[in-house]
């Protein structure tokens, strides 16, 4: 991450840490490691409650977000505004989709409600739409076009090739893709996953450990004064261990 920040002139980094702790959920230790690697804000999704020790961390650290449309009263916050290294600030909103996902409040109405407060603090706003259905992610991108700088989808682990800037100036990508082992099934060891599909028997999935790893994501160039995206560039790098 530090090399990418230097080589590409990146001033602010958002990373979804939904599966940072052994393939599911995130722990305080994993969150700190990723933050120390050069990430400004950490987002999450439906597995945020996997490890109970993260509850206290969410209460104390605003740089780790849980979905803004989670149940009222749960620990943590769903959006934040943080300074960028080149000056100015960036707002980040974390949303959870509802199609084929766990119950949650309407992400469209929730983000609509927080945008007023965000716009009072910054024009540069990034939305992590953590969702299963492609249609729900595209709909969110269109819904927010012209009101946020970028809507970037997460959750499916498989990077899509549909990066675009919508007419209103909002950058969009259906799924940023995972950062993890290439020789795998969405990060997990192939043998166990294929076996589960073949016989349907329960099995413990483990993170794949052999071979190169993929670093995937999206770089967005944003006009700070307007909040409109000027350019998007998908990243997919293969690194040896």
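The values are calculated or read from the model by the stated rules, or taken from the named source; none is laboratory data. The structure presented is a predicted model; accordingly, all values stated were derived computationally and were not measured. Backbone-built Cβ (ideal geometry, glycine too); neighbour counts: all protein chains shown.
Taking the stated definitions as given, is residue 141 at pLDDT 95 or above, farther than 23 Å from residue 105 by Cβ and crowded, with 18+ Cβ neighbours inside 10 Å?
no
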Review point. Just checking, which of 158, 127 is under 21 Å from residue 98 (Cβ atoms) and in contact with a strand residue (DSSP E or B) (Cβ under 8 Å, 6 or more places away or on another chain)?
Key: 127
Review point. What is the one condition in (1) closer than 14 Å to residue 129 by Cβ; (2) surrounded by 18 or more Cβ atoms within 10 Å (Cβ to Cβ) that residue 99 does not satisfy?
Key: (2)
Review point. Out of curiosity, is residue 136 farther than 22 Å from residue 42 by Cβ and over 18 Å from the mean Cα position of the chain (by Cα)?
Key: no
Review point. Inside the range 118-133, can you point out the residues that are within 16 Å of the chain's Cα centre (by Cα) and under 17 Å from residue 227 (Cβ atoms)?
Key: 125, 126, 127, 128
Exercise for review: Would you confirm whether any residue within the range 225-233 is over 22 Å from residue 47 (Cα atoms), buried (at least 16 other Cβ atoms within 10 Å of the Cβ), in contact (Cβ under 8 Å) with a residue 12 or more places away in the chain and touching a strand residue (DSSP E or B) at 6+ places or on another chain (Cβ under 6 Å)?
Suggested key: yes
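Each row is one residue, and each column tells you yes or no for (1) on the phi < 0 side of the Ramachandran plot; (2) outside any loop (DSSP other than H, G, I, E, B); (3) at pLDDT 95 or above.
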position: 194; (1), (2), (3): yes, yes, yes
position: 197; (1), (2), (3): yes, yes, yes
position: 202; (1), (2), (3): yes, no, no
position: 211; (1), (2), (3): no, no, no
position: 215; (1), (2), (3): yes, yes, yes
position: 218; (1), (2), (3): yes, yes, yes
Check your understanding: Considering only residues of the range 10-32 that are loosely packed, with under 15 Cβ neighbours inside 10 Å and at pLDDT 95 or above, which is farthest from residue 150 (Cα to Cα)?
Key -> 29
**Study point:** Selection within the range 164-183 - more than 21 Å from residue 30 (Cα to Cα) and assigned to a loop (DSSP other than H, G, I, E, B)
**Key:** 166, 167, 168, 169, 170, 174, 175, 183
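Output the number of residues of the range 120-134 satisfying the condition of being in contact (Cβ under 8 Å) with a residue 24 or more places away in the chain and exposed (fewer than 15 other Cβ atoms within 10 Å of the Cβ).
Residues that pass the stated criteria total 1.
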Check your understanding: Is it the case that some residue within the range 212-219 is more than 21 Å from the chain's Cα centre (by Cα), farther than 30 Å from residue 147 by Cα and surrounded by 15 or more Cβ atoms within 10 Å (Cβ to Cβ)?
Key -> no
Practice item. Examine the range 45-63 for a residue that is surrounded by fewer than 23 Cβ atoms within 10 Å (Cβ to Cβ), at positive phi and either out of contact with any strand residue (DSSP E or B) (no Cβ under 7 Å at 6 or more places or on another chain) or modelled with pLDDT of 95 or more (or both), and state whether such a residue exists. Key: no
Check your understanding: (1) part of a loop (DSSP other than H, G, I, E, B); (2) within 22 Å of residue 221 (Cβ to Cβ); (3) over 15 Å from the mean Cα position of the chain (by Cα); (4) at pLDDT 95 or above: which one isn't true of residue 159, the others all being true?
Key -> (3)
Revision key, fill the gap. Within the range 12-22, residues being touching a helix residue (DSSP H, G or I) at 6+ places or on another chain (Cβ under 8 Å) and part of a loop (DSSP other than H, G, I, E, B) number 4
